[in-house]
Structures are given as C-alpha cells and as structure tokens.
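Structure record follows, encoded as structure tokens.
The values are calculated or read from the model by the stated rules, or taken from the named source; none is laboratory data. Keep in mind that what you see is a predicted model, and the values were worked out from it rather than measured. No Cβ is skipped: glycine too gets one built from the backbone with ideal geometry, and neighbour counts run over all protein chains shown. What goes into the accessible areas is simple: the full protein's heavy atoms, side chains included, and nothing from ligands, DNA or RNA. Shrake-Rupley method; radii C 1.70, N 1.55, O 1.52, S 1.80 Å.
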Amino acid sequence: MLGNEPLERTEVSQNSEGPNIELFQMLHGSANRRKPCIKRNRDIKSKEMIEQVINRRNMHLAYKHVLSNKGSAGVDGMQVRELKQSINRDREAIVTSLINGSYLPQPILGVSIPKSNGKTRLLGIPTVMERWLQQAVAQTVTPLFEFEFTEHSYGFRPNKNAHQCIEQSQQYIHEGYQHIVDIDLKSFPPTGGWITACCCNCCIAS
C-alpha cells in the first residue's frame with residue numbers, strides 16, 4: 001500500500017505556505033522554472049487532471065505534507081497520526097469515487113478563535129483525510145497557475161511568506177516610498193463585490 005512503498009525515502013522541503021517548487025518539478029518532470037504554455041495547460045482534460053491527482057507519488061507527497069503540518073482533528077475526530085492507517089484501508093475506495101465523480105467532501109469543523117481586537121474569527125478545520133486530498137489537488141493545479149503570479153505576490157505560494165512581504169515593504173521605504181496600502185478581503189464575495197476585488201489588485205507601495 002501507499003505507506004510501504006520506496007517513495008517513503010523521498011525528501012522534499014516544504015514550508016507553511018505550501019509545497020516547495022522542487023515538489024512541483026518532481027511531480028511534473030521539470031528541472032527549470034521556465035513559464036509553461038498556459039493555453040496548453042488549461043486545455044488539459046479533467047480526466048487527465050484526476051489521473052495526476054491520484055498518482056501514487058503525488059498522493060504520498062501530499063500525505064507527507066499533511067503529516068509534517070500536524071494540526072487538529074476535524075469533525076470525525078481523526079488525528080494526523082491515524083492518517084496512514086486510514087489511507088491504507090480506504091485509499092482504493094476513495095480513488096474510485098474520485099474517478100467516477102461520486103466523492104463527497106466531509107463537513108468542516110467550525111472553531112472560533114480570539115483576535116487581537118477582542119473579537120473572534122471563525123476557523124474551518126477540514127478532516128485529516130480531507131486535508132490529504134486537498135493537498136493532492138493543490139500539488140496538481142498549482143503549477144498550472146503559479147507562474148502567472150507577480151514576483152511580489154506572497155500569499156500562500158511556494159517559497160513565499162509574510163516575512164518576505166515585510167522585507168519588500170522595508171525596501172520600498174528605503175527607496176523613498178512613503179505609503180504602503182494593506183488591504184484585507186472581508187466577507188468576500190458576499191459583501192465585497194467587484195470594488196473590493198479591484199482594490200485588492202491595487203495593493204502597492206506608493
């Protein structure tokens with residue numbers, strides 16, 4: 001089964017923002033960061049995409065990512081340490097349901113966490129199994145869009161993090177810029193509309 005394969009010895013560095021770009025290169029056989037043909041990638045059929053998602057190497061790397069991130073249990077109470085056993089037991093059934101389109105995502109556990117302003121923020125915690133599948137999907141689709149982002153886009157991208165964003169902001173300040181606009185999407189899209197979306201695109205130092 002998945003956990004007993006030689007792939008166990010595969011080591012790929014990762015961080016809290018997502019899988020390392022080396023992981024994408026390993027999965028897609030690319031040794032460089034040349035921008036891919038976007039039109040060709042977007043024309044990939046859904047069946048081919050599913051095949052990439054359920055590829056054993058891809059799913060094992062997703063398992064290792066979830067394992068390293070740890071995290072809390074979801075609505076089913078399953079802990080991260082139990083994931084390997086569940087994969088060995090249910091993998092074939094899950095893969096079959098993904099292929100035939102019958103897979104149904106599990107509910108998300110809602111947890112309120114305190115904010116610095118005294119209010120609370122609702123945090124959604126997927127089950128461990130769901131996080132495994134979500135990671136497998138992310139590893140497949142991210143390479144199709146990653147190279148379209150600007151160099152200074154830091155949110156939830158491979159090898160990008162908030163510290164780099166702060167460092168870039170400091171560089172802008174040293175270059176003489178006096179204002180940095182920080183925009184956070186709140187309740188989007190229900191109440192944000194296109195105005196909020198446009199403001200988000202204008203988040204630059206000036």
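Return the residues of the stretch 132-160 that are within 23 Å of GLY71 (Cβ to Cβ), out of contact with any strand residue (DSSP E or B) (no Cβ under 9 Å at 6 or more places or on another chain) and in a helix (DSSP H, G or I); say none if nothing qualifies.
TRP132, LEU133, GLN134, ALA136, VAL137, THR140, VAL141 - these are the residues of the stretch 132-160 that are within 23 Å of GLY71 (Cβ to Cβ), out of contact with any strand residue (DSSP E or B) (no Cβ under 9 Å at 6 or more places or on another chain) and in a helix (DSSP H, G or I).
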Query raised in the report: Is it fair to say ASN58 is surrounded by fewer than 12 Cβ atoms within 10 Å (Cβ to Cβ), farther than 19 Å from ILE125 by Cα and not hydrophobic (A, V, I, L, M, F, W, C)?
Result: no
Requested in this report: Those residues that are small (Gly, Ala, Ser) and either assigned to a helix (DSSP H, G or I) or open to solvent by 70 Å² or more (accessible area, probe 1.4 Å) (or both), I need them from the stretch 73-101; list them, please.
Outcome: SER86, ALA93, SER97
Requested in this report: Tell me, yes or no, whether the stretch 102-115 has at least one residue that is in contact (Cβ under 8 Å) with a residue 60 or more places away in the chain and either within 21 Å of the chain's Cα centre (by Cα) or open to solvent by 90 Å² or more (accessible area, probe 1.4 Å) (or both).
Outcome: no
**Report entry** Which numbered condition LEU144 fails, given (1) open to solvent by less than 50 Å² (accessible area, probe 1.4 Å); (2) within 28 Å of THR120 (Cβ to Cβ)
**Finding:** (2)
Query raised in the report: Which residues, taken from the stretch 152-206, are under 23 Å from ARG121 (Cα atoms), at pLDDT 85 or above and loosely packed, with under 12 Cβ neighbours inside 10 Å?
Result: ALA162, HIS163
Report summary line: GLY124 fails exactly one of (1) more than 23 Å from PRO158 (Cα to Cα); (2) outside any helix (DSSP H, G or I), namely (1)
Requested in this report: Hey, can you tell me all the residues within the stretch 120-130 that are touching a strand residue (DSSP E or B) at 6+ places or on another chain (Cβ under 9 Å) and buried (at least 20 other Cβ atoms within 10 Å of the Cβ)?
Outcome: THR127
